1. Give the residue list of trypsin sites (Lys or Arg not before Pro) in the range 137-196 that are DSSP loop and have at most 12 other beta-carbon atoms within 10 angstrom.
2. Under a 5 Å amide H to amide H cut-off, with H placed in plane at 1.01 Å, what residues pair with D164 once short-range neighbours are removed?
3. If we count other beta carbons within 10 Å of each Cβ, what is the order of Y352, Y104, Y339, fewest first?
4. To the nearest µm²/s, what D does Stokes-Einstein give for the chain at 4 °C and 1.567 mPa s, using the Kirkwood radius over alpha carbon pairs as Rh?
5. Given labels modelled 7 Å from the Cα in the Cβ direction, how far is it in nm from E274 to H121?
6. Going 7 Å from the Cα of T27 along its beta-carbon direction, which residues of the range 275-309 have the amide nitrogen within less than 17 Å of the resulting point?
7. Angle between the Cα long axis of helix 291-300 and the longest principal axis of the chain, 0 to 90 degrees, nearest 10?
8. How far is helix 127-148 tilted off the main Cα axis of the chain, in degrees rounded to 10, range 0 to 90?
Amino acid sequence: MQRTLVKDALNATAPSDAIVLEGWVRTRRDAKAFSFIELNDGSSFKGIQVIANASLPDYAHIDKVTTGASIRIQGKLVASQGQGQKWEVVADSFTVVGEADATYPLQKKGHTLEFLREIAHLRPRSNLFGAVFRVRSRLAYAVHQFFQSRSFFYVHTPIVTASDCEGAGEMFRVSTLDPKNPPKTPEGAIDYKQDFFARPTYLTVSGQLEAEVFACALSNVYTFGPTFRAENSNTSRHAAEFWMIEPEMAFCDLQGDMALAEDFVKYLIRDAKEHCAADLEFFSKFVDKELLSRLDFVLERPFQRCSYTEAIDILNKSGRKWDHPVIWGDNMQSEHERYLAEEHFKCPVTVYNYPRTLKPFYMRVNEDGKTVAAMDLLVPGIGEIIGGSQREERLDVLRENMAHHKLSEKDYWWYLDLRKYGSVPHAGFGMGFERMLMFVTGVGNIRDVLPFARTPGTAEF
Ligand code: 4AD
Ligand code: MG
């Protein structure tokens, strides 16, 4: 007989005489004449209650039905007498598929997140992580729905690349050379001509440059894939391997870019509220009490916008004492970004037109010559979740910028060609998928929205 998922059993519209459920035991409680088994198969937040009567021939094995064991139940779906559930299952037979003894680490509730990170192979079976990864899956799907319904094409950009898009020098090298004995040039440097790709290569930090190629052919495109940054920042918002969504639009300026970013954030929140209601309810009870009201507030209000120059002004007039001084031309620190979103605007805010000197070579230079058409979308509790810009489409200005950043035109010949042949104004952004998940779930550490986090010093699993 075919297995029914717990989710479907819980949503049944009629009782059933014969149903098969398979999953993992959360708890078992024994009474005199029967046992209650709480069965969860991950298909939904809620598990289903199973009643195993002591009169069953299988009941002799009930001791093996322990927390963490996998079991198969055949029985009847009946209306539940108990509170808080519509249906329960009365077992006709049960089989222990895989036993779990008393060393199973998820015996009790209330483990710390730090402990659960050490058992990343088992934590998806907990309430919290089951919920996180169901939301993650749903929002990945919603990303595609959002863009596909707006006629964007999905482009697979390369993972291995020779270019440092962000110019921050935070790349992981990809090489098959023998680290103990690499070939050398006559000058004594490592000879990457003899490496696998006959040049130095790295894991990509962003698919943007390649996405621009496709936007300049298919008009509206997006990428959604893993990106890698060897930045040694051990914070709750940085991972060495994270997923980024990068739309790129031809015939689009910064205004259109900001509008899409704001729509996108709202769409994902709405989608999670609609399709992951039980999971979000759990987060709002046990992770972040203000989560649901904050998400509603964000949906209802238009996002604020302010220029970098205005933002610096706001920060200077705030009367705050900052750990990092506020100076026009310096990067805004986390404390500044959070002040803007959490205390000044009290809602998501898009900051635009940043100083040219702070930003990568590809951003479009504004009329003032001092700023570029860049934008960062900041949200309360996290800070930056999106960074984007209008791209420099003027060949001469791009060349100047590249010289400024000490980039060789030889390496970017194809990127320059886009400006030689049918160049168009175009713009795009990158959303950190994990940062968005943190915002939607209220989970405070990026390590807890990644299935297997890669951070400095950690690559277990
Ligand atoms: O602001 P970033 O560096 O922008 C780019 O990479 C552009 N090429 C995007 C584009 O215009 N197509 O990164 C974009 C977003 C950030 O706003 C942040 O949400 C996320 O990626 N991000 C990280 N997320 C987790 N861990 C890290 N180390 C991250 N670095 C950036
Ligand atoms: Mg950024």
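No lab work stands behind these numbers, since they all come straight from the coordinates. The structure displayed is predicted, hence computed values, not measured ones. Note that we place each Cβ from the backbone using ideal geometry, even for glycine, and neighbour counts take in every protein chain shown.
1. K180
2. Answer set, sorted by chain and number: none.
3. Y104, Y339, Y352
4. In µm²/s, the coefficient rounds to 51.
5. 3.9 nm
6. So the set is 286.
7. It works out to around 50 degrees.
8. Here the helix axis deviates by roughly 50 degrees.
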